[in-house]
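Data first, discussion second: the structure below is written as structure tokens.
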Amino acid sequence: MPVLMRNYFIKILMICTLVTLMQCAGSKTAYFQQEQLPGLIDSLYQADQATLLIQPSDSAAVAYQRVIRSNFPAIEKIFRQFGFPGYALAGRKTSEQYFLLVQHSDFNPEFQLKVLKSMKKEVLKQNASGQNFAFLTDRVEINFGRPQIYGTQVIMGRNTQIKPCVDPNKLNERRHSIGLPTIEEYLEKCNEVFFMLNPNEKKD
């Protein structure tokens, strides 16, 4: 196994072990303290993101599925105790990291929907990101087999395509209302990310 890939697997194993220890320590009668949230959520987030750089991609996919499931009990417990952690509770960075962890919990769309409803209350108080709310809204709609609203969910490739979306003619209006760039700008950025992640692919 190449050194780089081995190092990433070691990192993931260490963080998953940390998460397991936190889960064991956090029994049904124990609670997280508010001041613990930044460090705890950052550990979960780092484990999630560490899978992105694993090669080959099929190994990354296996590691990703393992990590998001290892992370989930702590993610769910945080929500049960605090609701969606907005800026005032945990700080902007921690709040946005928590959003991403929920966004990646696609194996439990019912949980994503619960978080979305809680997050909406925080967005209305300007205590959470409206843009992230749009991403989670679309993720929930797609996961329940419905067309998305803001066009954030795509099939990434050489020519990235939007997944099914309600009323495409008014898509940019909806995106503008929540602070997202135009869909044309977004798809261009998605294409750039695709070629960055797949350097062997050649642009047309």
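What follows is calculated from the coordinates using simple rules that are stated; it is not laboratory data. Model, not experiment: these values are computed from the prediction. Neighbour counts are summed over all protein chains in view; Cβ atoms, including those assigned to glycine, are modelled from backbone coordinates with ideal geometry.
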Check: In segment 147-199, what is the volume of the convex hull around the alpha carbon atoms, normalised per residue and reported in Å³?
Finding: 67 Å³
Notebook entry, point to check: So what is the 222 nm mean residue ellipticity for the chain from helices alone, if each DSSP H run of at least 4 adds -39500 (n - 2.57) and you divide by all residues, rounding to the nearest 500 deg cm²/dmol?
Noted result: -21000 deg cm²/dmol
Notebook entry, point to check: In the structure displayed, which of LYS93/LYS163; LYS77/LYS117; LYS117/LYS170 lie more than 20 Å apart, Cα to Cα?
Noted result: LYS93/LYS163; LYS117/LYS170
Next item on the list: Neighbouring Cβ atoms within 10 Å as the yardstick, rank LEU116, LEU53 fewest first.
Entry: LEU53, LEU116
Item checked: Sites matching trypsin sites (Lys or Arg not before Pro) across segment 107-148 that sit in DSSP coil, with at most 13 neighbouring C-beta atoms within 10 Å -> LYS125
Check: If the convex hull of the alpha-carbon atoms of the chain is projected onto planes in all directions, what is the mean projected area in square nanometres?
Finding: 12.5 nm²
Check: Tell me, in nm to one decimal, what length is gained between ASN200 and SER177 on full extension, where the rule is 0.36 nm per residue of separation less the Cα-Cα distance?
Finding: 4.5 nm
Next item on the list: Run the quick spin-label model on LYS121 and ASN169: label points 7 Å from Cα toward the beta carbon, then report their separation in nm to one decimal.
Entry: 3.8 nm
Margin query: Starting from the 7 Å offset along Cα-to-Cβ, what nm value, one decimal, do you get for the label separation of VAL193 and ARG69?
Written below: 2.5 nm
Check: For PHE107 and PHE144 in the same chain, what is the full-extension length gain: residue separation times 0.36 nm, less their Cα-Cα distance, in nm?
Finding: 12.2 nm
Notebook entry, point to check: Got the relative contact order for segment 147-199 handy, in percent, Cα pairs under 8 Å and 6 or more residues apart?
Noted result: 35 percent
Notebook entry, point to check: Amide H neighbours of VAL154 under 5 Å, counting only residues 5+ apart in sequence or on other chains, H built in-plane at 1.01 Å?
Noted result: LYS163
Notebook entry, point to check: Fully extended, how many nm does the chain gain between GLU185 and GLN33 (0.36 nm per residue separation, minus their Cα-Cα distance)?
Noted result: 50.6 nm
